[in-house]
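Encoded as structure tokens, the structure appears first; notes follow it.
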Amino acid sequence: MDFTAKVISDFLQGTVEGDPATAVYDVAKIEEGKPGTLSFLANPKYEKYVYDSNASIIIVNKDFKPEKPVKATLIRVENAYKSFAALMNLYEKSKPKKSGISDHSSINNAAKLGKDLYIGEYSVISEGTVIGDNVAIHAQVYIGENVKIGNNAILYPGVKIYHDCVIGDNCIFHSGVVIGGDGFGFVPNDSNVYSKIPQLGNVIIEDGVEIGANSTVDRATMGSTIIRKGVKLDNLIMVAHNVEIGENTVIAAQTGIAGSTKLGENCLLGGQVGLAGHIKIAPGVKIGAQSGINNTVKKEGAVIMGSPAYDLQSFYKSYAVFRHLPELRKQLIDIDNRLRENEKQEQS
Amino acid sequence: MDFTAKVISDFLQGTVEGDPATAVYDVAKIEEGKPGTLSFLANPKYEKYVYDSNASIIIVNKDFKPEKPVKATLIRVENAYKSFAALMNLYEKSKPKKSGISDHSSINNAAKLGKDLYIGEYSVISEGTVIGDNVAIHAQVYIGENVKIGNNAILYPGVKIYHDCVIGDNCIFHSGVVIGGDGFGFVPNDSNVYSKIPQLGNVIIEDGVEIGANSTVDRATMGSTIIRKGVKLDNLIMVAHNVEIGENTVIAAQTGIAGSTKLGENCLLGGQVGLAGHIKIAPGVKIGAQSGINNTVKKEGAVIMGSPAYDLQSFYKSYAVFRHLPELRKQLIDIDNRLRENEKQEQS
Amino acid sequence: MDFTAKVISDFLQGTVEGDPATAVYDVAKIEEGKPGTLSFLANPKYEKYVYDSNASIIIVNKDFKPEKPVKATLIRVENAYKSFAALMNLYEKSKPKKSGISDHSSINNAAKLGKDLYIGEYSVISEGTVIGDNVAIHAQVYIGENVKIGNNAILYPGVKIYHDCVIGDNCIFHSGVVIGGDGFGFVPNDSNVYSKIPQLGNVIIEDGVEIGANSTVDRATMGSTIIRKGVKLDNLIMVAHNVEIGENTVIAAQTGIAGSTKLGENCLLGGQVGLAGHIKIAPGVKIGAQSGINNTVKKEGAVIMGSPAYDLQSFYKSYAVFRHLPELRKQLIDIDNRLRENEKQEQS
């Protein structure tokens, strides 16, 4: 990237304030702007940084009125955040795309490959697997037997997908993701020795799902573990066998969902949340970080917290008292003593 | 799989109720049964599904008395659950087994290999390593120097085992499992710069242990980190250096056990539990999800919860009051005011 | 290792008590000492083991006065712990070092390699990457485009480093570590469908950082995620985009740090801790295991606990009362009843 304010402004249909020849080669947060970088100001909270920022160009909203002189060249647009995001996407897409199929990969003859693939070094594609068009399978990826992968998927180095799993279009899996490992199912005998219940199901991941590094999604015991369209999972998340996650639900890192639990669409889960097995979470539920959910949540849009979790506001009110429990206890003892004193006097 | 009710019933020594020629090619949960699937009813809680299930065949207990007509062909057996599990195992075992040693693997000449091995693409077996019979080492597995692996082990794609570790018979490790990484040991100097304590021990995993995707078991500083016979670990679990886990203990996902802690046999740990270092947990202890254990638990079979954890029933009783702490506080203030009122009157 | 007491004592400038020809070939904890092993006694708490230990040689402090006869040969030194650590380091360094570049690795012609490298099987080094001297890149490692790696780094099997990341000297990354995966950034549209915010930044890891198995460090949205000199991260840790971790901070397993949070130097974090995004933690702060931090901590050296976390001592005092909440509630009801009784009497 090496663009002038004029070129960027023309692309964004904005207006330049300052030298139109100012050039940038990288992007930066406004508070970390360096010469040669492009930044933006959308949230008024960050306005203070605009005056001192060393960014060469700053994209601002049309109606931004500086209170002090600004060093940077400004580009005024309708919506600074959206314009900046559009540029980031443009930049991302302008990067050279990897292509071709490495000679050092192992592709079974009975696999069907789409067009315009990239397959990196030391990757394995097994018998019966079907890969769509424009898919990037980076190095050291493993794809088992009879897997289906839709168009435009990106599998980063080291992703592992077990046999029979189904992946939709436009999915992105980061390094170390494991899809389709066995569900955790065992039965104890009379001596408490556990034997394995075969895990005969699979994992179905619909279109547009992104999964972060080292997260794991287990295959179903029977039937399918299902991740619906548009779900976004952060790193180191555990999705157990037969779980179903509804459309556009977003889950932060290190959260775990136990077997057969069903999450509705449009839920938001904080990091390190734990959900017990065999429960249902209504659509639009928001769950605070580190919460533990051991029961079905029926109320759509509920906002919950705690372990076990309940209404978030109520949790915080209880926790505020919790912090003062020692004083509260002292007060109680004091009251008890005073009452005893009263009672004595009455008896006397 | 494509079996008739008659064939299945004969195998299970059951009796068919309905068309013995009914055929199935897959298994399903009773509530998700589709035509062509085989299901079962064991838990009376699920009886309601038996009447509407679209499963073609349902295995039921001998004494099951339907309250309404059932569409599916029934097979009556002594124990529906066990019979179904037996069929699942049969099905699993009937799958074609991978065999042979890939030309695209790297096997050191000084490694000793057993019979009937499968070694997948891009796997590495290092000097001095000894592998038993009938072991499946899938693609992209790494096995370091002087490792011992027993018979019938299955190492899924991408498992990493560092040097000198010892793995028993019949172990199953899922993708991304790391065995024998360095324990987390450092000593600070006077400027708080930490230097590494060499981790000279190993990991010993006994027979029949299954470890879920992306779990990690660190090598001992000295001596061995030990996982005893029949232990089952779920995904994303952390077992630190010098830990010992007793026979047939079962641990759910994302639990972490800090250095040198010893867990007894037959324990059950929920997900996201944390155990401090250098403590001991008695046999048969059950620990609720998300609990934190910072002290030795001496009582066999104790059932504990909380962070720090104590008796589970007591924890839930305290938590029930916790939820009402704001009201309790108001009540206390109210009592205090009334008492003050009393005291005033007495003085007057 | 196969050394006599005399050789070890000479190296440590100590004095032998017992047979100087006693030989050892391994090390052990004093409570697990076996014939042929070398152990040490530093912490008086472990003195009881010295009398029964089967270790052949035990290193003790100069002034140690046994209360009973000791079977083992003793070596007396100024500081038993430091002497033992010195021996462990010596032993570690004496191990044969892997060297050479595997023919079964894929190294781009436009990568620059330093001297005395080890590159294992099926590893990938991409275009524009620069590797320092004396670096060990074990098997199945992936290093993306334009990565810089300093001298003496050790990357264990299966480490993945995405493009443009910068790694300092003397770093150690264990198996399954993922550096530079995309930060978790999405914007919802009006139908709550999320679109990806391109993650254009990188990860910078300074000198002497060790990262445990299967931990993940995400790249910055813009700018850099930064891990400063001497930081030690345990296994399964999540470091999100744009986080900064100060020098010599040490973090236990399964902890997660959300986006843009800045941790000071010399902090100590327990396991399974969660830090919210966009907060700052002062230098020297200690955080108890499983704590959740949702606000900036300004006080240097603060010791905190709980979720949300506050002063550790206060947390434990509150928790002590929490355990007795049911009794406290009963007491309150009892007082209320007695007070009502009083009030009745007054009115009568």
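Structural remarks
- Options B:Lys280, B:Lys298: the member that is farther than 22 Å from B:Asp218 by Cα, over 17 Å from the mean Cα position of the chain (by Cα) and open to solvent by 50 Å² or more (accessible area, probe 1.4 Å): B:Lys298
- B:Ser318 open to solvent by less than 40 Å² (accessible area, probe 1.4 Å), at pLDDT 95 or above and either part of a strand (DSSP E or B) or over 30 Å from B:Thr221 (Cβ atoms) (or both): yes
- The residues listed here are A:Ala220, A:Ala258; of these, the one that is of a type in the set (Gly, Ala, Ser) and touching a residue at least 24 places away in the same chain (Cβ under 8 Å) is A:Ala220.
- Matching residues in segment C:227-244 - criterion: being within 12 Å of chain A (Cβ to nearest Cβ) and buried (at least 22 other Cβ atoms within 10 Å of the Cβ): C:Asn235, C:Leu236, C:Ile237, C:Met238, C:Val239, C:Ala240, C:His241, C:Asn242, C:Val243
- Matching residues, segment C:22-41, being in contact with a Lys or Arg (Cβ under 7 Å, 6 or more places away or on another chain) and assigned to a loop (DSSP other than H, G, I, E, B): C:Ala28
- Some residue of segment B:245-252 being over 17 Å from A:Phe184 (Cβ atoms) and either among the hydrophobic types (A, V, I, L, M, F, W, C) or in a loop (DSSP other than H, G, I, E, B) (or both): yes
- Looking at A:Ala110, A:Ala86, just one residue is outside any loop (DSSP other than H, G, I, E, B) and either among the hydrophobic types (A, V, I, L, M, F, W, C) or not assigned by TED's automatic domain parsing to the domain that holds A:Glu210 (or both), and that residue is A:Ala86.
- Any chance C:Phe173 is at negative phi, open to solvent by less than 50 Å² (accessible area, probe 1.4 Å) and facing another protein chain (nearest Cβ under 8 Å): no
- Filter result for C:Lys6 (outside any strand (DSSP E or B), in contact with a Pro (Cβ under 6 Å, 6 or more places away or on another chain) and among the basic types (Lys, Arg)): yes
- Residue-level analysis places A:Gly201 outside the set of residues that are more than 8 Å from chain B (Cβ to nearest Cβ), more than 19 Å from the chain's Cα centre (by Cα), touching a residue at least 60 places away in the same chain (Cβ under 8 Å) and under 28 Å from B:Gly230 (Cβ atoms).
Let's see how each residue does on (1) modelled with pLDDT under 90; (2) within 25 Å of the chain's Cα centre (by Cα):
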site	(1), (2)
B:Gly36	no, no
B:Leu41	no, yes
B:Tyr49	no, no
B:Lys65	no, no
B:Ile75	no, no
B:Glu78	no, no
B:Lys93	yes, yes
B:Lys97	yes, yes
B:Ser105	no, no
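- Considering C:Gly284, C:Gly270, C:Gly264, C:Gly274, the condition of being without any contact (Cβ under 8 Å) to a residue 40 or more places away in the chain, closer than 30 Å to B:Gln313 by Cα and away from chain A (no Cβ under 11 Å) is satisfied by C:Gly270 alone.
- Enumeration of residues in segment B:89-104 that are in a loop (DSSP other than H, G, I, E, B), open to solvent by 30 Å² or more (accessible area, probe 1.4 Å) and within 11 Å of chain A (Cβ to nearest Cβ): B:Lys95, B:Pro96, B:Lys98, B:Asp103, B:His104
- Test: residue in segment C:247-255 that is closer than 16 Å to C:Gly181 by Cβ and at pLDDT 95 or above: no
- Pairs meeting the criteria (first residue in segment C:292-316 and among the acidic types (Asp, Glu), second residue in a strand (DSSP E or B) and surrounded by 14 or more Cβ atoms within 10 Å (Cβ to Cβ), beta carbons under 9 Å, at least 6 apart or on different chains) are C:Asp311/C:Val303; C:Asp311/C:Ile304; C:Asp311/C:Met305.
- Residue within segment B:303-314 that is closer than 30 Å to C:Arg340 by Cβ, in a helix (DSSP H, G or I), at the interface with chain A (Cβ under 10 Å from one of its Cβ atoms) and open to solvent by less than 70 Å² (accessible area, probe 1.4 Å) present: no
- Residue, nearest to B:Ser105 (Cα to Cα), within segment C:130-140, restricted to residues that are crowded, with 23+ Cβ neighbours inside 10 Å and more than 9 Å from every other protein chain (Cβ to nearest Cβ): C:Ile137
- Breaking point among (1) crowded, with 18+ Cβ neighbours inside 10 Å; (2) on the phi > 0 side of the Ramachandran plot, for C:Gly18: (1)
- Only one entry in B:Thr221, B:Thr225 is assigned by TED's automatic domain parsing to the domain that holds B:His138 and not in a loop (DSSP other than H, G, I, E, B), namely B:Thr225.
- Residue check: C:Ile59 meets all listed conditions (1) farther than 23 Å from C:Asp169 by Cβ; (2) out of contact with any Lys or Arg (no Cβ under 9 Å at 6 or more places or on another chain) but one, namely (2).
- Screening the candidates A:Ile179, A:Ile107 for the property of being hydrophobic (A, V, I, L, M, F, W, C), buried (at least 24 other Cβ atoms within 10 Å of the Cβ) and within 12 Å of another protein chain (Cβ to nearest Cβ) yields one hit, A:Ile179.
- Where C:Val250 falls short, out of the listed (1) at the interface with another protein chain (Cβ under 7 Å from one of its Cβ atoms); (2) closer than 15 Å to A:Ala213 by Cβ: (2)
- For B:Lys196, the criteria (1) crowded, with 21+ Cβ neighbours inside 10 Å; (2) over 30 Å from A:Ala276 (Cβ atoms) hold in every case but one, which is (1).
- Any hit, segment C:184-197, residues being more than 30 Å from A:Met88 (Cβ to Cβ) and modelled with pLDDT of 95 or more: no
- Matching entry among A:Val70, A:Val60 (being part of a strand (DSSP E or B) and either surrounded by fewer than 18 Cβ atoms within 10 Å (Cβ to Cβ) or among the β-branched types (Val, Ile, Thr) (or both)): A:Val60
The values are calculated or read from the model by the stated rules, or taken from the named source; none is laboratory data. Since this is a predicted model, take the numbers as computed values, not measurements. We place every Cβ from the backbone using ideal geometry, glycine too, and count neighbours over all the protein chains shown. Heavy atoms of the whole protein, side chains included, go into the accessibility calculation; ligands, DNA and RNA do not. Shrake-Rupley method; radii C 1.70, N 1.55, O 1.52, S 1.80 Å.
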